[in-house]
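Report on one structure; see the data block that follows.
The values are calculated or read from the model by the stated rules, or taken from the named source; none is laboratory data. Only a predicted model underlies this, so the values are computations on that prediction, with no experimental measurement involved. Positions of Cβ are backbone-derived with ideal geometry, glycine not excepted, and every protein chain shown enters the neighbour counts. The area values use the complete protein model at the heavy-atom level, side chains included, leaving out ligands, DNA and RNA. Shrake-Rupley method; radii C 1.70, N 1.55, O 1.52, S 1.80 Å.
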Amino acid sequence: MELEEPEPIEEYVPGVAGGRHYMARLCHLPDSPWSIAVIHIESLPPLHGTGSTWPTREEAVQAADKLVAGFGH
């Protein structure tokens, strides 16, 4: 009997950073770190995940804010 892989949990988080509105798609498996799958930033092409992970959702959201804020300069 094969064990099924758990489905990743995805959460969409809106935000504003560096003067730009964005929507980040965060992902994680149960009991695993969070990652950024993609960030949709107004007026820019999507920014795909960096491959980094964060232990909490809040830290992943802060990382998305920092990434988007970098485009405001």
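Kindly provide the set of residues from region 33-62 that are hydrophobic (A, V, I, L, M, F, W, C), in a helix (DSSP H, G or I) and farther than 11 Å from residue 15 by Cβ, ordered by number.
60
Name the pairs: first residue in region 45-66 and at positive phi, second residue in a strand (DSSP E or B), Cβ to Cβ under 9 Å, at least 6 apart or on different chains?
Close Cβ pairs (under 9 Å, with a partner that is in a strand (DSSP E or B)) amount to 51/35.
Here is a list of conditions, (1) modelled with pLDDT of 95 or more; (2) exposed (fewer than 13 other Cβ atoms within 10 Å of the Cβ); (3) not basic (Lys, Arg), and residue 46 meets all of them except one; can you say which number that is?
Against the list (1) modelled with pLDDT of 95 or more; (2) exposed (fewer than 13 other Cβ atoms within 10 Å of the Cβ); (3) not basic (Lys, Arg), residue 46 comes up short only on (1).
Tally the residues that are under 20 Å from residue 28 (Cα atoms) and open to solvent by 50 Å² or more (accessible area, probe 1.4 Å), restricting the search to region 57-73.
At the first step, the residues of region 57-73 found to be under 20 Å from residue 28 (Cα atoms) are 57-67.
From the residues that got through so far, the ones that are open to solvent by 50 Å² or more (accessible area, probe 1.4 Å) too are 57-59, 62, 65-67.
Matching residues across region 57-73 total 7.
Can you tell me which residue is nearest to residue 5 (Cα to Cα) among those in region 15-27 that are in contact with a helix residue (DSSP H, G or I) (Cβ under 7 Å, 6 or more places away or on another chain) and open to solvent by less than 50 Å² (accessible area, probe 1.4 Å)? Walk me through it before giving the result.
Of the residues in region 15-27, the ones in contact with a helix residue (DSSP H, G or I) (Cβ under 7 Å, 6 or more places away or on another chain) are 15, 17-20, 22, 24, 26.
In the following step, the residues that additionally are open to solvent by less than 50 Å² (accessible area, probe 1.4 Å) were identified as 15, 17-18, 22, 24, 26.
Values: 15: 31, 17: 35, 18: 38, 22: 30, 24: 24, 26: 19 Å.
Checked region 15-27; the qualifying residue nearest to residue 5 (Cα to Cα) is 26.
So residue 30 ticks every box in (1) part of a helix (DSSP H, G or I); (2) loosely packed, with under 13 Cβ neighbours inside 10 Å but one. Which box is left unticked?
Of the numbered conditions (1) part of a helix (DSSP H, G or I); (2) loosely packed, with under 13 Cβ neighbours inside 10 Å, the odd one out for residue 30 is (1).
Filter region 1-17 down to the residues that are outside any strand (DSSP E or B) and under 19 Å from residue 58 (Cβ atoms) and list them by number.
Within region 1-17, 8 is the sole residue that qualifies.
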